[in-house]
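Reading through the structure tokens given below for one structure.
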Amino acid sequence: MTNPAAEAARRRTFAIISHPDAGKTTLTETLLLAGGAIHLAGAVAARGAARRTRSDWMKIERERGISVSSSVMMFEHDGMVFNLLDTPGHEDFSEDTYRTLTAADSAIMVLDAAKGIEPQTLKLFEVCRLRDIPITTFINKMDREAQDPFALLDEIHSKLAMDTAPMYWPAASGQRFAGMLDLNTDEFVPFRRLEHGEEGLGIDERQKRGANSFMAEVRDDVRAELEEGVELAREGLPKFDLESYREGHLTPVYFGSALRRFGVLELLKGLGAHAPAPQAQKAMVKSAETDVEPGRTDVSGFVFKIQANMDPKHRDRVGFFRICSGRFQRGMTLKSAAGKGFNVHNPLMFMAQEREIADEAFPGDVIGIPSHGGLRVGDSLSQSGDVVFRGIPNFAPEILKRVRVRDPLKQKHLRKALDALGEEGVTQVFKPVQGGDLVVGAVGQLQFEVLDERMKAEYGLEVIFETSPYQAARWVSADARADLEAFVNKSGSQMAEDVDGAPVFLGKSDWEIGYVQERNPKVRFSSSKERAA
Ligand code: G4P
């Protein structure tokens, strides 16, 4: 099939959000197993370990056991193509997560059945809210003693302000966990504990025998509990409603155990049935507001992430490009709105196990475009060069520091290295208009550590971060050019330029920014910059 609209319709591009330890890695592995993309249990973890040893530039990642770099995994199941975008889990990386979510059409929220909503779940959820993407809930670790399902759903409802529609209802948990009832078809899905070291998805039994016959095998006390729960759930909880889910007001809830490979096929089936396929995206096409439909012939998309030095031997950069329309074919030239062309000879497809060269790709897919610089996070590329997608903003940095290099002869190198890391979104770089040390901004402290580490490992630069007199950065704009110019001239030493040369006002405190804002009503102060291209 080569029709982009039809190919888009069978694609589901999604991300998983969760608090550390809730089971994201295990769920990812089980999903890939279901898709036949991997055959060995433990493959994802092993791959992670291998990658970590290879990329020793990223020592922090290893030391802290966090995954700073994220990747894309593609797999097929039941005629559908799934693109799983891995989001970095650390709280300091909400900006990175946000960017990844700009490329996802929906998200799975994984909760630990014993813990419910945890702090990081909440943070990531808020990031999803910014994007308005539909969320499917997977309550994991039902093979362990879990909280009462009503209490869990109630917590989701009250903390996330979303209706919860259970798709299945669990029969007990922990040692007594017996399976779950499909609330739609009334079929019982029995839980079979996989033997130690046994592989597979634990579903063969069910496929061989009528599902309902298993109900009779469930212990009396568990069955009574299940029947009562199901009755209460049917009476008191909302039913699944597609529109409400798509609008982000309701989350369908699945139960299971990623580790025991239980409930994951049901989750996948739910994603296939309800999660949105790639939709039309808002863009400016030749200066006209346009909804770019996936079926449009002109291949278009945007770069949501840049990863440098995936292979430390080559200073390579890979732009993660999410396709929004058309049928991409290897060798195509894609152009930015500024007219810069990228001939994509060797696009990477992120199949579950390794990077492969892609021959073709469709809306919803992510390809890696190798480049030696020149690509930016937020760049729109298309065959025609006419398309500029909207809504891929830069976050306001919350911490600003002055940066100097220890060896003064390396000042130029510093600038170059910072520009490169700035393009990648590792940091934001501000250059004071009247000269002086560069100011770098980050959303969290950890970003500075990453920056420091990479400056050393990749560029051989010893840098010093110093407290800066500034605490906040605001992009400034105005309807009339003269108003902006007047403000820029007046603000002299507090003006800087970002990596694209856009004017930024550096404030000494939030109070000062409020004050300056009040005195300059014609100037807009914005805490994030929505990239034009
Ligand atoms: P994360 O990526 O969200 O941080 O979580 P991860 O999958 O690494 O899972 C965290 C721990 O929870 C792991 O145990 C994992 O085996 C366990 N786990 C995940 N899903 C389930 C489940 O459905 N049931 C049970 N009982 N445990 C589950 P660990 O001991 O920390 O690591 P490991 O040594 O087992 O790899």
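The values are calculated or read from the model by the stated rules, or taken from the named source; none is laboratory data. Keep in mind it's a predicted model, so treat the numbers as computed, not measured. Ideal geometry is used to build each Cβ from the backbone, glycine not excepted, and the neighbour counts take in all protein chains shown. Only protein heavy atoms, including side chains, enter the accessible area calculation; ligands, DNA and RNA are left aside. Shrake-Rupley method; radii C 1.70, N 1.55, O 1.52, S 1.80 Å.
Observations
- Label-to-label distance for A224 and R390 is 6.0 nm, based on points extended 7 Å past Cα in the beta-carbon direction.
- Remark: segment 394-531 carries 50 Å² of accessible area per residue (probe radius 1.4 Å; ligands, DNA and RNA excluded).
- Listed pairs K282/K401; K335/K522; K340/K508; K123/K239; K115/K239 exceeding 29 Å between Cα atoms: K282/K401; K335/K522; K340/K508
- Calculated FRET efficiency for the pair Q175/E458, C-beta based, R₀ 41 Å, to 0.05: 0.20
- Within the accessible area of segment 394-531 (1.4 Å probe), percent carbon and sulfur: 48
- Measuring between their Cα centroids, segment 111-136 and segment 239-277 lie 14 Å from each other.
- Label zone (E466, point 7 Å along Cα-to-C-beta; backbone nitrogen cut-off 14 Å) within segment 394-432: 401-408.
- Distant-in-sequence amide H partners of D365 (H built 1.01 Å from N, under 5 Å): I323
- Cα pair distances exceeding 26 angstrom across segment 394-531, given as percent: 22
- Computed from backbone phi with θ = phi - 60° and the Karplus coefficients 6.51, -1.76 and 1.60, the 3J(HN,Hα) list for segment 150-160 is 5, 5, 4, 5, 5, 5, 4, 4, 7, 7, 10 Hz; x is used for glycine and proline.
- Calculated FRET efficiency, S527 to D182, Cβ-Cβ distance, R0 = 45 Å: about 0.45 to the nearest 0.05.
- Across segment 390-533, C-alpha contacts under 8 Å between residues 6 or more apart give a mean separation that, scaled by the residue count, equals a relative contact order of 33 percent.
- Computed 3J(HN,Hα) for segment 132-137, one whole-Hz value per residue from the Karplus formula 6.51 cos²θ - 1.76 cosθ + 1.60 where θ = phi - 60°, is 6, 8, x, 10, 9, 9, glycine and proline marked x.
- Computed 3J(HN,Hα) for segment 418-427, one whole-Hz value per residue from the Karplus formula 6.51 cos²θ - 1.76 cosθ + 1.60 where θ = phi - 60°, is 5, 4, 5, 6, x, 4, 6, x, 5, 8, glycine and proline marked x.
- Long-range amide H partners of D163 with built H, under 5 Å: L250, T251
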